[in-house]
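What follows is a set of notes on a single structure, which appears directly below.
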């Protein structure tokens, strides 16, 4: 199937990055959000990131202008119905995602492929509540989207081969690499990454090390580009907790029990970089550990 027009639902951190790479690859993009402010902020972010690519010599000023010209924003969700491919990139809460798909269904073209950028929720379950489970799959980008090379493609139990092959061709056109994952909680990347982050939080909780020593140990001792607590702040502690809960509930194994300290930070509203505080306090000139 030939994909020409792509709808992106959600203009946040992931959604604006997806719109950016899709438009840069030549697709017409319709970016949706319930908030006009979020759409304005997304376009400003896309422009800033494209300017960074121009200054780095990775794209030309003409390519930047053409990319911006391919992105249209809308607060009208049904307007996405005529797209060939829709990528839902809303908050990592299943009830919100389900409401979005419910609202889209009456307006979809027969050929439209539905996908979700979920990092952990069952694709089979999301697909089963639509009128096209065979044309539904997981399309999981990594953050930050313009930089990270991997995309996880997750087939639900009903996803057909044509849908998978079409999405694989899109990933290849983006110049990224696809990893095919089975539809089990958190798929591949987060099945491995989140328990590591959760264990780092337990290490902090139990007083084995402080924030700085834990992050420094993994950066210098395991050659990680970012420490696990710094990475958790970058991802968002609410997202980390949500994924750990999906793992814990879906696999019924106590090794996936979210650390109580992670829960406490989320309850405090200290979600990481996006709120100014997490395992580090970002409100000053340089990040300062909070423990």
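Taking 8 Å as the Cα distance limit and 6 or more residues as the minimum spacing, I'd like the relative contact order of the chain as a percentage.
In percent, rounded to a whole number, it is 13.
Measuring between their Cα centroids, region 35-113 and region 134-173 lie 16 Å from each other. With helices as the sole contributors, the chain gives -14000 deg cm²/dmol at 222 nm; each DSSP H run of n ≥ 4 counts as -39500 (n - 2.57), and the sum is divided by every residue. DSSP finds beta bridges in region 85-242, and of those with both partners inside it, around 30 percent are antiparallel.
If I take every Cα pair under 8 Å that is 6 or more residues apart in region 18-78, average their sequence separation and divide by the length, what percent do I get for the relative contact order? Write down the numbers at each step before the final one.
Numbers: 58 pairs, mean separation 33.0, N = 61.
Answer for region 18-78 is 54 percent.
Subtracting the Cα-Cα distance of residue 253 and residue 160 from their residue separation scaled by 0.36 nm leaves 30.4 nm. Shape call for region 66-188 from the C-alpha gyration tensor, a ≥ b ≥ c root eigenvalues: rounded (a/c under 1.5), prolate (a/b greater than b/c) or oblate? Here region 66-188 falls in the rounded category.
Rounded if a/c is under 1.5, else prolate if a/b is larger than b/c, else oblate: which is region 79-151, with a ≥ b ≥ c the root eigenvalues of its Cα gyration tensor? Don't skip to the answer; put the middle values down first.
Working: a/c = 1.81, a/b = 1.43, b/c = 1.27.
Because a/c hits 1.5 or more and a/b exceeds b/c, region 79-151 counts as prolate.
Compute the helix-to-body angle for 36-55: its Cα long axis versus the longest principal axis of the chain, expressed 0 to 90° and rounded to tens. The answer is roughly 80 degrees. Each DSSP beta bridge with both residues in the chain is either parallel or antiparallel, and the antiparallel ones are about 25%. With a ≥ b ≥ c taken as the square roots of the eigenvalues of the C-alpha gyration tensor of region 247-286, please select rounded if a/c is under 1.5 and otherwise prolate if a/b is larger than b/c or oblate if it is not? Verdict is prolate for region 247-286.
Taking every pair of Cα atoms in region 131-218, average 1/r, invert it to obtain the Kirkwood radius, and report Rg/Rh to two decimals. Intermediate values should be presented prior to the final figure.
Numbers: Rg = 17.3 Å, Rh = 15.1 Å.
On the Cα set of region 131-218, Rg over Rh gives 1.14.
Model label points for residue 52 and residue 216, set 7 angstrom from Cα along the Cα-to-Cβ axis, are 2.7 nm apart. Take every Cα pair under 8 Å whose residues are at least 6 apart in sequence, average their separation, divide by the length of region 142-291, and the relative contact order is 18 percent. Beta bridges assigned by DSSP with both partners in region 109-192 are antiparallel in approximately 40 percent of cases. Global size of the chain: 19.2, 56 Å for Rg and Dmax (C-alpha atoms, Rg to one decimal, Dmax whole).
Any read-out appearing in this document is the output of simple, stated calculations on the displayed coordinates, not a laboratory observation. Model, not experiment: these values are computed from the prediction. No Cβ is skipped: glycine too gets one built from the backbone with ideal geometry, and neighbour counts run over all protein chains shown.
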